[in-house]
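*Asks:* Here it is, the structure, as structure tokens.
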Amino acid sequence: MRRSTPPALIFDDAEIRRYLRSMECKYCGFVYQRKPKETNEMVELSRLSKPQAMQIAKQSTMYQKAQLAKAKVISPYWVLHNCKSRAEAEEFVSYMGWKRGWYFHNAKRFKIFQS
């Protein structure tokens, strides 16, 4: 016996906008809590030169190094070549989001993974 799929709910734009403003479910009446927006926050942005970025990277944690590598400020391969232990390198690889097979494909490239 074939199960029937529930019908798709179709809303027009006015309904969507009304429910987004009220944050109340049309069917069950659940009221969603809105997160308060923080105000009066001052942020200073500046461009980093390559030597400044490298100096910051040398003093940062593995998570911060992964964030810098994802932002393409530093090279992830530079980080791996400068890792002191295999555990430290594996931590960096996991923060980068690389899969487990990455170790096997790059084992010859990095001395830290050749043990």
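The values are calculated or read from the model by the stated rules, or taken from the named source; none is laboratory data. Computed from a prediction, not measured in an experiment: that's the story for all the values here. Heads up, the Cβs are rebuilt from the backbone with ideal geometry, glycines too, and the neighbour counts pull from every protein chain shown.
*Asks:* Between a first residue in segment 28-49 that is closer than 30 Å to Lys72 by Cβ and a second residue that is modelled with pLDDT of 75 or more and assigned to a loop (DSSP other than H, G, I, E, B), which pairs have beta carbons less than 8 Å apart while being 6 or more apart in sequence or on different chains?
*Replies:* Leu48/Val73
*Asks:* Being hydrophobic (A, V, I, L, M, F, W, C) and part of a loop (DSSP other than H, G, I, E, B) is the filter; apply it to segment 99-114 and report the residue that is modelled with the highest pLDDT.
*Replies:* Step one: list which residues in segment 99-114 are hydrophobic (A, V, I, L, M, F, W, C), which gives 102, 104, 107, 110, 112-113.
Narrowing further to those that are part of a loop (DSSP other than H, G, I, E, B): 107, 110.
Numbers: Ala107: 85, Phe110: 88.
Ranking the qualifying residues of segment 99-114, first place goes to Phe110.
*Asks:* I would also like to ask the following. Answer yes if at least one residue in segment 16-25 is at pLDDT 75 or above, more than 30 Å from Lys111 (Cβ to Cβ) and touching a helix residue (DSSP H, G or I) at 6+ places or on another chain (Cβ under 9 Å), and no otherwise.
*Replies:* yes
*Asks:* Do the conditions hold for Ala53, that is, is it under 21 Å from the mean Cα position of the chain (by Cα), surrounded by 10 or more Cβ atoms within 10 Å (Cβ to Cβ), among the hydrophobic types (A, V, I, L, M, F, W, C) and at pLDDT below 85? Show your work before the answer.
*Replies:* Values: under 21 Å from the mean Cα position of the chain (by Cα): yes; surrounded by 10 or more Cβ atoms within 10 Å (Cβ to Cβ): yes; among the hydrophobic types (A, V, I, L, M, F, W, C): yes; at pLDDT below 85: yes.
Judged against the criteria, Ala53 is a match.
*Asks:* Taking the stated definitions as given, is Ile56 part of a helix (DSSP H, G or I) and out of contact with any Phe, Trp or Tyr (no Cβ under 9 Å at 6 or more places or on another chain)? I'd like the intermediate steps shown before the answer.
*Replies:* Details: part of a helix (DSSP H, G or I): yes; out of contact with any Phe, Trp or Tyr (no Cβ under 9 Å at 6 or more places or on another chain): yes.
Yes: the conditions hold for Ile56.
*Asks:* Can you name the residue in segment 65-97 that is surrounded by 15 or more Cβ atoms within 10 Å (Cβ to Cβ) and in a loop (DSSP other than H, G, I, E, B) and is also modelled with the lowest pLDDT among such residues?
*Replies:* By that ranking, first place goes to Val73.
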